[in-house]
Amino acid sequence: SQKIEQNSEALNIQEGKTATLTCNYTNYSPAYLQWYRQDPGRGPVFLLLIRENEKEKRKERLKVTFDTTLKQSLFHITASQPADSATYLCALENGGATNKLIFGTGTLLAVQP
Amino acid sequence: ETGVTQSPTHLIKTRGQQVTLRCSSQSGHNTVSWYQQALGQGPQFIFQYYREEENGRGNFPPRFSGLQFPNYSSELNVNALELDDSALYLCASSPGMGRDEQFFGPGTRLTVL
């Protein structure tokens with residue numbers, strides 16, 4: 001069956017450290033993968049998009065990798081800050097005419113000062 | 001440029017009733033997608049509209065229906081509400097049918113009693 005899995009438990013890290021979040025998928029062949037941030041009671045906010053032919057993408061303190069062989073994406077936040085505390089969602093697009101996104105359940109990140 | 005807005009913010013209905021949720025997309029965005037997000041889960045794709053035509057549907061029954069209007073507004077209608085319909089309903093707009101980031105609204109929290 002098709003599955004997208006993210007760290008089910010909350011990730012607690014110390015301010016200044018690098019947070020690494022994992023997104024694994026099975027029985028999908030995504031053309032691209034996106035990462036979103038969601039704060040409580042708010043809609044998701046787009047962070048990064050990486051295509052199947054890209055290995056790595058960076059934006060300021062954020063980095064995402066995409067390994068289509070391992071069927072995995074890693075999302076890194078360097079020099080983390082308490083303001084980075086939120087739920088991070090990975091979403092993949094499985095081809096077709098629509099840009100329908102299939103979301104994982106998200107990982108709650110808590111950055112301790 | 002205004003962002004994506006949704007109304008109402010919160011709504012309480014009883015089982016069997018009907019509800020209409022509204023969304024106003026960003027100007028120039030021809031595509032709107034609707035998602036249902038249960039507590040602790042990632043958003044689940046309901047359907048997408050492109051230039052006022054339905055352009056893809058997720059695994060939701062026909063009592064979930066939608067409309068998109070030329071003025072970048074759209075509606076999600078749910079008939080015969082069930083307790084399990086309690087969730088955050090999100091709309092997201094994007095500029096075209098391409099593989100773009102999606103801009104989410106803040107959501108409507110629906111509670112069915």
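The values are calculated or read from the model by the stated rules, or taken from the named source; none is laboratory data. Model, not experiment: these values are computed from the prediction. Cβ coordinates were reconstructed from backbone atoms using ideal geometry, including for glycine residues, and neighbour counts include every protein chain displayed.
Scanning the stretch A:83-101 finds no residues that are of a type in the set (D, E, K, R), more than 10 Å from the chain's Cα centre (by Cα) and surrounded by fewer than 18 Cβ atoms within 10 Å (Cβ to Cβ). Each residue in the stretch B:59-94 was checked for being free of Cβ contacts under 8 Å to residues at least 24 places away in the same chain and in contact with a His (Cβ under 7 Å, 6 or more places away or on another chain), and 0 of them qualify.
Remark: residue B:88 matches the filter, which requires a residue to be touching a Gly at 6+ places or on another chain (Cβ under 8 Å) and under 18 Å from residue A:101 (Cβ atoms). Does the stretch A:57-99 hold any residues that are under 27 Å from residue B:55 (Cα atoms), free of Cβ contacts under 8 Å to residues at least 24 places away in the same chain and touching a Ser or Thr at 6+ places or on another chain (Cβ under 7 Å), and which are they? A:99, the sole residue that qualifies.
Residue A:3: out of contact with any helix residue (DSSP H, G or I) (no Cβ under 8 Å at 6 or more places or on another chain), crowded, with 16+ Cβ neighbours inside 10 Å and of a type in the set (Lys, Arg), yes or no? It is false that residue A:3 is out of contact with any helix residue (DSSP H, G or I) (no Cβ under 8 Å at 6 or more places or on another chain), crowded, with 16+ Cβ neighbours inside 10 Å and of a type in the set (Lys, Arg). Looking across the stretch A:14-66 at every residue that is more than 12 Å from chain B (Cβ to nearest Cβ) and of a type in the set (Gly, Ala, Ser), the one that is nearest to residue B:101 (Cα to Cα) is identified as A:29. Restricting attention to the stretch B:75-113, the residues being at pLDDT below 95, assigned to a loop (DSSP other than H, G, I, E, B) and at the interface with chain A (Cβ under 8 Å from one of its Cβ atoms) number 6.
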